[in-house]
Amino acid sequence: MSSRKKALLKVIILGDSGVGKTSLMNQFVNKKFSNQYKATIGADFLTKEVIVDDRIVTMQIWDTAGQERFQSLGVAFYRGADCCVLVFDVTAPNTFKSLESWRDEFLIQASPRDPDNFPFVILGNKIDLDNRAVSAKRAQQWCQSKNDIPYFETSAKEAVNVELAFQTIARNALAQETEAELYNEFPDQIKLNANDNGRNRDGDNCAC
Amino acid sequence: MAAAIANDSPKYRNSLICCSPSVEATSRTSTSSTSGNVSIDEGYDSNCIPKSIANKKLKIHSSATKEEIEKAIIQCKELVLNTAQCSDERKWLVRYLVELRLRLEDIKDNNGQARLRVSIKGHHFEQQTNPSNRKQYCDHCSGVIWSIVQGSYICSDCGYLCHYKCVDHICRVCAHVVMTEKGSFEMSICPEKGLAAQDYKCAECQTALTFKDMWNEPRLCDYTGLYFCATCHWNDLSAIPARVIHNWDWEKRYVSRIAYQMLNLSWSRPYIDVEKINPRLFNFIAELEWVHKMRKDLEWMRRYLCACAEGTNLLSPLFVQLGDVNKKYSMSHLQAINDGSLETQLTELTEVCRSHITSCDLCSGKGYLCEVCKNNEVLYPFDSGALMCDKCNSMYHRGCWLRKGQKCLKCLRLEERKKTVDEVQTEITDTLEYDIDKFVN
């Protein structure tokens, strides 16, 4: 039963408009890139089968409209996501700054069982451009402060690191699924921070 | 057999009507024929199709082909572009677009076979593979689900159950979605507007309601204050949050299915801010006041325990819920206060934590000494006999504090010191300037 359930991974790509969410998805799934910008309407998804640790997994990758923000898509959309990919543009510092709010909002909307250990992946896109404004170190530091989120520098145009990033996304999402199954016997439980304190004692959720 | 089903149906629970073979059929046809209508209910506005786009014939029927859905997607996309950002129309259209895309994928995946997952109206339906031994009823048509011969879906978020054949016709938005987006309970007691305001239709499925039809009597839901038909209101009983907060009235009342699901789902979510909604309740319910005071102590203890490797094991879920800085209560907390179980639990809990903190080297090292009497008794912020200064966090015995004229000695001392330091500082800068002058010369 569990193997059938795991076959589909729901991955959601978020980030400000124009950072290259659609391009990244297209590069990964169709191996294509277009210089023309066309805003995504609402949300769209592509599926791709990948092999993770000798298992075939179908990734359902949801690309969202950057300007849609959260309230249009709503709780139902984010619910059941297995991994959340946050994208920013390394040439636009504002898109990096808004990562925090994207992450927070996602956690509120999706209300995953274990918010502190929910798999996120951060992608700094457009590294092929010369006018870089967010340094790798700065992005890395932010990711470390958020419970060690994996960080990749990608270029959808040149297909740099895209494959590697999505492999990590699939692997982390799958790990999350296996963990989630342990909880399945309590379908309606509400996740409290208590148990996390036991697991990671770096104390960032301690109020003193 | 048909008579047996009708007789058995949960919708006639506590109803005057006991059995009729024809009811099932009539109520079902009327339900499905009206699905997709505009709702007049304001409460669920964001989840129902907004009036301005209701005439665009967006809804497609359940057996639509691939081409039809593709067309609908294109139409929906165009409409999205024509609506303002963050408007209700936009919201509805975007969500509908997502549903359409998922449906298209379903059709591509398995041609005509029963779908593994269905996403509709915020629900995430999964096939029920091993139904429980208890008899189950379809939330849509309220008929029995004969698990051996009939397939069924269950929503993984709200627990909505329905037949395979009913899944495309359902009218109820997922209770989890409604409650999570709202983030609070209805806090006015049964906000009834009357049947006329509902256009004499069921608030959920839009079936016409009349008093003449004994088989489909209008039923009032005590939580939402709306009228429902017998298919959407099974006379489930539940305590009502608004009545509890305003009247401490725990009597169970009849609620609609949607309200029942919403209340059940959110029963242990901390949604109720008693301090804000009805602060006077504390005066009337001594137990509640006691718990509320206890929560401040818990908050302090939590800070001690968080920083101690051994102490973190003591952080039980209850502790974290109640020791949280936000002072909200869940219905299950209030219920436990009402039946007295929370009081005993809390007393035990605080006893255990207190004994840990006072005996643990790490925790007791973070205790305080009284600023006045300087005897070696270690004070903690959660001691009832101790007081803490809001400004400088120094601690006093209650008695010492009163004796010293209710002023914080440390604050006074700090102020004095600041004054002298300022004086010295000006002197120092003077001399410095002098030195530099000398050096330059």
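The values are calculated or read from the model by the stated rules, or taken from the named source; none is laboratory data. This is a predicted model, so every value here is computed, not measured. All Cβ positions, glycine included, derive from the backbone under ideal geometry; neighbour counts span all protein chains shown.
Overview of results
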read-out: Candidates B:Arg413, B:Arg398, filtered to the one that is more than 14 Å from chain A (Cβ to nearest Cβ), farther than 30 Å from B:Glu275 by Cα and surrounded by fewer than 16 Cβ atoms within 10 Å (Cβ to Cβ); value: B:Arg413
read-out: Test for B:Ile337: is it within 14 Å of chain A (Cβ to nearest Cβ), within 23 Å of B:His292 (Cα to Cα) and not in a loop (DSSP other than H, G, I, E, B); value: no
read-out: The range A:41-80: number of residues that are within 19 Å of A:Ala165 (Cβ to Cβ), among the β-branched types (Val, Ile, Thr) and within 11 Å of chain B (Cβ to nearest Cβ); value: 3
read-out: Condition check for B:Thr358: assigned by TED's automatic domain parsing to the domain that holds B:Val320, within 30 Å of B:Trp248 (Cβ to Cβ), polar (S, T, N, Q) and part of a helix (DSSP H, G or I); value: no
read-out: Positions within the range B:414-428 being of a type in the set (Val, Ile, Thr) and within 18 Å of B:Cys392 (Cβ to Cβ), in sequence order; value: B:Thr420, B:Val421
read-out: Single residue of the range B:291-332 satisfying the filter (within 9 Å of chain A (Cβ to nearest Cβ), within 25 Å of B:Trp267 (Cα to Cα) and polar (S, T, N, Q)) that is surrounded by the fewest Cβ atoms within 10 Å (Cβ to Cβ); value: B:Ser316
read-out: Single condition A:Phe88 does not satisfy, out of (1) part of a helix (DSSP H, G or I); (2) in contact with a Leu (Cβ under 7 Å, 6 or more places away or on another chain); (3) of a type in the set (Phe, Trp, Tyr); value: (1)
read-out: B:Ser142 being modelled with pLDDT of 80 or more, more than 25 Å from the chain's Cα centre (by Cα) and among the hydroxyl-bearing types (Ser, Thr, Tyr); value: yes
read-out: The range B:254-281, subset away from chain A (no Cβ under 14 Å), assigned to a helix (DSSP H, G or I) and among the hydrophobic types (A, V, I, L, M, F, W, C), residue surrounded by the fewest Cβ atoms within 10 Å (Cβ to Cβ); value: B:Ile277
read-out: Residue check for A:Glu153: surrounded by fewer than 17 Cβ atoms within 10 Å (Cβ to Cβ) and of a type outside the set (A, V, I, L, M, F, W, C); value: no
read-out: Residue in the range B:245-256 that is at pLDDT 90 or above, in contact with a Cys (Cβ under 7 Å, 6 or more places away or on another chain) and either assigned by TED's automatic domain parsing to the domain that holds B:Leu281 or at positive phi (or both) present; value: no
read-out: Residue match in the range A:102-122 (condition: farther than 26 Å from A:Ala76 by Cβ and touching a strand residue (DSSP E or B) at 6+ places or on another chain (Cβ under 8 Å)); value: no
read-out: Test: residue in the range A:100-109 that is over 29 Å from B:Ile120 (Cβ atoms) and either away from chain B (no Cβ under 14 Å) or outside any strand (DSSP E or B) (or both); value: yes
read-out: Any strands (runs of 3 or more DSSP E) falling wholly within the range A:1-67 and containing at least 2 residues that are under 14 Å from the mean Cα position of the chain (by Cα) and surrounded by 12 or more Cβ atoms within 10 Å (Cβ to Cβ); value: A:8-14, A:55-64
read-out: Odd one out for B:Gln85 among (1) at the interface with chain A (Cβ under 9 Å from one of its Cβ atoms); (2) touching an Asp or Glu at 6+ places or on another chain (Cβ under 7 Å); (3) at pLDDT below 80; value: (2)
read-out: Every pair of residues 6+ apart whose Cβ atoms lie under 9 Å, when the first sits in the range B:282-310 and is assigned to a helix (DSSP H, G or I) while the second is among the basic types (Lys, Arg) and at pLDDT 85 or above; value: B:Asp297/B:Arg354; B:Met301/B:Arg354
read-out: Qualifying position, being within 11 Å of another protein chain (Cβ to nearest Cβ), at pLDDT below 70 and crowded, with 17+ Cβ neighbours inside 10 Å, among B:Ser39, B:Ser46; value: B:Ser46
read-out: Search result, residues across the range A:98-156 that are in contact with a Pro (Cβ under 6 Å, 6 or more places away or on another chain) and touching a residue at least 12 places away in the same chain (Cβ under 8 Å); value: A:Phe118, A:Val121, A:Ala133, A:Val134
read-out: The one condition in (1) surrounded by 10 or more Cβ atoms within 10 Å (Cβ to Cβ); (2) of a type outside the set (A, V, I, L, M, F, W, C); (3) at pLDDT 80 or above that B:Ser359 fails to fulfil; value: (1)
read-out: Qualifying residue in the range B:164-172 (condition: more than 21 Å from B:Ser266 (Cβ to Cβ), surrounded by fewer than 16 Cβ atoms within 10 Å (Cβ to Cβ) and in contact with a Gly (Cβ under 7 Å, 6 or more places away or on another chain)); value: no
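Residue-by-condition table, conditions (1) in a loop (DSSP other than H, G, I, E, B); (2) charged (D, E, K, R); (3) within 14 Å of chain A (Cβ to nearest Cβ):
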residue: B:Cys171; (1), (2), (3): yes, no, no
residue: B:Met179; (1), (2), (3): no, no, yes
residue: B:Glu186; (1), (2), (3): yes, yes, no
residue: B:Pro191; (1), (2), (3): yes, no, no
residue: B:Gly194; (1), (2), (3): yes, no, no
residue: B:Glu204; (1), (2), (3): yes, yes, no
residue: B:Thr210; (1), (2), (3): yes, no, no
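Residue-by-condition table, conditions (1) in contact (Cβ under 8 Å) with a residue 24 or more places away in the chain; (2) of a type outside the set (Asp, Glu); (3) crowded, with 20+ Cβ neighbours inside 10 Å:
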residue	(1), (2), (3)
B:Ala196	no, yes, no
B:Ala203	yes, yes, yes
B:Phe211	no, yes, no
B:Thr224	yes, yes, yes
B:Cys232	yes, yes, yes
B:Arg243	yes, yes, no
